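All remarks here apply to the structure that follows.
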Amino acid sequence: LYKALQSASRPYKAIQGSTSVVSPIATMGGVGATCHSKCGDGDGSKDSMGEEPVLQVDDTAKASMEQKERDEEVKRKLTVCAKNLRTRSAKESAECWKKVEDELKIQRLIWQSLGLQRGAKHQGAAAMVESKLDFAIAQHKANIASSLEAIDTCFEKNKGFDLIGQTMETSMKAVKAAHEHSEARKELASILDKVAEEFGKGVKSAKDVDIQSMLDACFLEDKKFEASIKAVWKVADDPGQHERAAMVVELLKMSEGSSIEG
């Protein structure tokens, strides 16, 4: 058999070194050597099929997918925070205007009672304030600027007459404060939405944003929600924070049963 194989390989000796023809011996037994010459140095770090590069490609694809998932999670959190800001704004505004409406019902009874005692001038001023408040309540959803202007007019007309009770005055001021909070929350929500849209694209239009000052203007009175916004903003403002946080999570998973200090 050995002599037969030697005989069969003689025609290839004339063209030894050619890459276009492979001898039967190389075909039958030289595959491993050929692969080692192309895929590795034969030191055992790679097998005959060159699997290490293949695994590296898979690891890269996996890392890319994980990064994309982390980016999507940051975007989702930014969007959720923006939505919650708008929801809280609408809720506070609705509650404040409802309070004004309820207080006005009580204030009408007081005006009716005092009108007979204080004369026509007092009744006229009370009627003007009542009319302005009715307008403000009716129009606040369609035209908030006109409604707030009507509230300010009520405060002006109240000077010298003492028409508005303390509780009524407090509810009217709360409406104005709610509007200021609403404007700040809408602005922050728009910024968060924009950051979510740009995150992961290498674009950053929201620059030099003082997140703490904006949160103070929003007057959320919810430390937990504020902390959530600051946390996701920190990651969005510095994407490296997200990668480091992910690494910490992985380390904690790997260290089950052990203690990590610091």
*Can you name the residue in region 168-221 that is on the phi > 0 side of the Ramachandran plot and not aromatic (F, W, Y) and, of all such residues, is surrounded by the fewest Cβ atoms within 10 Å (Cβ to Cβ)?*
D208
*Give me a count of the residues in region 169-200 that are assigned to a helix (DSSP H, G or I), at pLDDT below 95 and touching an Asp or Glu at 6+ places or on another chain (Cβ under 9 Å).*
1
*Here are some conditions: (1) over 30 Å from V232 (Cβ atoms); (2) among the aliphatic types (A, V, I, L, M); (3) open to solvent by 30 Å² or more (accessible area, probe 1.4 Å). I144 meets all but one. Which one does it not meet?*
(1)
*Which of the residues that make up region 88-111 are over 42 Å from the mean Cα position of the chain (by Cα) and over 20 Å from L163 (Cα atoms)?*
none
_Considering only residues that are more than 15 Å from S131 (Cβ to Cβ) and either among the aromatic types (F, W, Y) or open to solvent by 50 Å² or more (accessible area, probe 1.4 Å) (or both), which ones fall in region 153-167?_
K159, G160, D162, Q166, T167
*asked:* Looking at the structure I just gave you, is V203 at pLDDT 80 or above and either of a type in the set (S, T, N, Q) or under 16 Å from the mean Cα position of the chain (by Cα) (or both)?
replied: no
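Residues checked against (1) closer than 30 Å to K186 by Cα; (2) out of contact with any Lys or Arg (no Cβ under 9 Å at 6 or more places or on another chain); (3) free of Cβ contacts under 8 Å to residues at least 12 places away in the same chain; (4) aromatic (F, W, Y):
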position	(1), (2), (3), (4)
S89	yes, no, no, no
W97	yes, no, no, yes
V100	yes, yes, no, no
L104	yes, yes, no, no
Q107	no, yes, no, no
W111	no, yes, no, yes
K121	no, yes, yes, no
G124	no, yes, yes, no
E130	no, no, no, no
*Can you tell me how many residues in region 204-229 are outside any loop (DSSP other than H, G, I, E, B) and β-branched (V, I, T)?*
2
*asked:* among the charged types (D, E, K, R), under 25 Å from D216 (Cα atoms) and open to solvent by less than 80 Å² (accessible area, probe 1.4 Å): is that true of K99 in this structure?
replied: no
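The values are calculated or read from the model by the stated rules, or taken from the named source; none is laboratory data. The model shown is predicted, which means the values in this text are computed figures rather than measured ones. A quick note on method: Cβ atoms are made from the backbone with ideal geometry, for glycine too, and the neighbour counts reach across all protein chains shown. Each accessible area value is taken on the protein alone, full model and side chains, heavy atoms only, with ligands, DNA and RNA left out. Shrake-Rupley method; radii C 1.70, N 1.55, O 1.52, S 1.80 Å.
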